[in-house]
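Quick notes on the structure that follows.
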Amino acid sequence: MAIFLYATGYKKRGNLRKLNPIWLCALILAGCGSPDPGRLAGGQGAINNGNQEYLNANSEGAAANDLIESEDIRAALKKAEIYYTQGVIYYQRNILDSSQVSFEEALLVISELDFDETIYQADAKWMATLLKEIESDYRLTLMTSGVLYSEGSAAAFRELFSDIKNFKTLKDSGHFHEPTKDSVNYDVPILLNEKVENSLAYLQTVAHETFESYLSRSGKYIPHMEKILAEEGLPHDLVYLPLIESGFNPHAYSYARAVGPWQFISSTGKRYGLNRDWWYDDRRDFEKSTRAAARYLKDLYEEFDSWELALASYNGGEGRVRREIKRAKSRDFWKLKLARQTRNYIPLFMAAVLIAKQPHKYGFFPDYEEPLAWEVVEISKCISFKNIAEATAIPVADLELLNPSLIRGVTPPNVKNHQLRVPVGYGELLRAAHDEIPSEKNTNWVHHTIKRGETVSTIAQKYGVSLSSLISANDLHKPYRIFVGQSLIIPIAGGHGHDTYASEVVPDGSGYYIVKRGDTLWEIARAHGVNLTTLKRANRLSSNQIYPGRRLLIPGSNSQQSVPENFYVVRNGDTLSKIARKFRMTVAELKRLNGLKSNTIFPNMKLNINKNSSSITLSQTPDRLTTYKVKRGDTLWKIAQLFNVTVQDLIHWNQIRNPSKLNRGEVLKIYVR
């Protein structure tokens, strides 16, 4: 018999597959180029010559623009597919933390895609297939590890929970606290049935550490969210919904490309006033997204007259709930045959509310973070967090924490009088310094004046940026009408335009590298044997973000310099398989010797070809040895992110046998680059 708790009421107003050998072979043979989409692409291929001729002959018009945008979408999907492949390989090697991180990197790439799926149907089909593959294998990785290593995807909560079969084992673990009826008031329905008990068992055992960290973080946001929910006339206990949606992480993302603390997809967010472009994403803003979530939940409750059905619709879509109600001829949530994730969502939410209201009773002792506090300063121009910090001593990290919707680290140039949050006590200081802080429009982004015959697509090609980024940065709308003399903002990181490079002085013994799609700054630095910081300094980069077409100065590079014995310098046209055959070794051996995670190589890259040597990689060349003492809640992934190294580096340097288990107080060796 289920126990029903409802005090005040609310009145109406699979298995992980082995890699297809043919597909894996295609990835290996790709070498320096991008891999073919393979079995996931469903026959997608490169744009044929006929399409290219069409692009050249029709440089004006929406068709050419659509073709360029489709190329950008495919490039992103290929990048996600590479991360997914790495995740499968790591899983097969039982390196579960790296497997999870790789899957989450793939999800991150996909979460940033936003395109009209009715226009790009083939790309949408490819993405849907890829997401299905990632979801299945990611869930199995989490289930196998039994631990949530990171929180790149808060949906990992529900994915791992979905695959747990024997809840009796969890309940008998000694960490499960039986739920009981008590005097605590709830203003949403809370049942104590078997499904809710199973959810409680999961949160108290498998996900205990991660859920406790979510509870701790909630302290920063709940006071502000409570106020908004009260203003909108909603039950207080809905404030705990982000515990299972995002872990109160404004940067959380999911399989469905949902973003922010309340996990809005783009279309629903837009419906409730959450706008986004290249510069900002309101779905990440903890106040705006809470207001939108409150109004969406209110609309759902008005329709279904049930919080269980309203929450089920919030998770799985109101259309699906309507259809199932009609089919089952019932409005009882517990009798409906909804998707598995939605069926688990409601009891998991109920369990989260039970714990959030009485954490100590259920074995949780969160260290609640202080509520965020801020002042608002009106900013009338585009300025960067970095320049604000230099002028006012406000830490960049504080600006990022208070303004999570500003995804480029600058106030958006296309928004007049932007309301910027700053720490309490710094408002007047920033207002006084405002006029003296240089505008980013004139320093970090290039202005392009349109000439006769140019189109949006040809301008994007010229600067090596994606068409979607150019369109978003300038708030252009189809059919992208532009005119001679119009000025466009070109979103190129680092403050350099395409034409700037020709005038740069090239020091003796130095060269250049043209960034390709899928490249990362760290990989380029490693490939050319230079320090990441040195590479960024040489190119005046303030972040690690780079764009295809960017010409990077490689300090101290010279193809004529002497090459150590047992090393090979990569030439144009080389692939890993070609080099491996030349030196009578396997691709796997070559990658192991050089610490390569992917099959991407670059011209002038030095590869170790001595099969008798131990693994010698550029990434393992130490600049400075430091140590780190493991703290409570640390994971290898978190520590790797902190020091800008890889999880595999940490495992290698410290001979770690069980990456899922770190001992508090343990001292790790780290070679800082």
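Order by neighbour count: 127, 585, 350, fewest other Cβ atoms within 10 Å first, most last.
585, 127, 350
Arrange the peptides 357-367, 218-228 so that the one whose residues have, on average, the most other Cβ atoms within 10 Å appears first. Spell out each step's value before the answer.
Values: 357-367: 14.8, 218-228: 18.2.
Result, highest mean Cβ count within 10 Å first: 218-228, 357-367.
For the cross-link pairs 298/357; 288/462; 195/227; 195/329; 220/536, which exceed 28 Å when the distance is taken from alpha carbon to alpha carbon? Don't skip to the end; give the middle numbers.
Working: 298/357 23 Å; 288/462 37 Å; 195/227 31 Å; 195/329 23 Å; 220/536 34 Å.
Table pairs above 28 Å Cα-Cα are 288/462; 195/227; 220/536.
Give the peptides 606-612, 413-419 in descending order of average Cβ contacts within 10 Å, highest first.
The densest-packed peptide leads the list: 606-612, 413-419.
If we sort 273-283, 185-195 on the protection proxy, mean other Cβ atoms within 10 Å, highest first, what's the order?
273-283, 185-195
What is the local net charge at residue 326, summed over the other residues whose Cβ is closer than 15 Å to its Cβ (Lys, Arg +1; Asp, Glu -1)? It would help to have the intermediate numbers written out before the result.
Working: positive: 320, 322, 323, 327, 329, 331, 335, 337; negative: 303, 318, 324, 332.
Counting the neighbours of residue 326, the net charge comes to +4.
Values in this text are rule-based calculations from the coordinates and carry no lab data. What you see is a predicted model, and the numbers here were worked out from it, not measured in a lab. Here the Cβ is made from the backbone with ideal geometry for all residues, glycine too, and neighbour counts use every protein chain on show.
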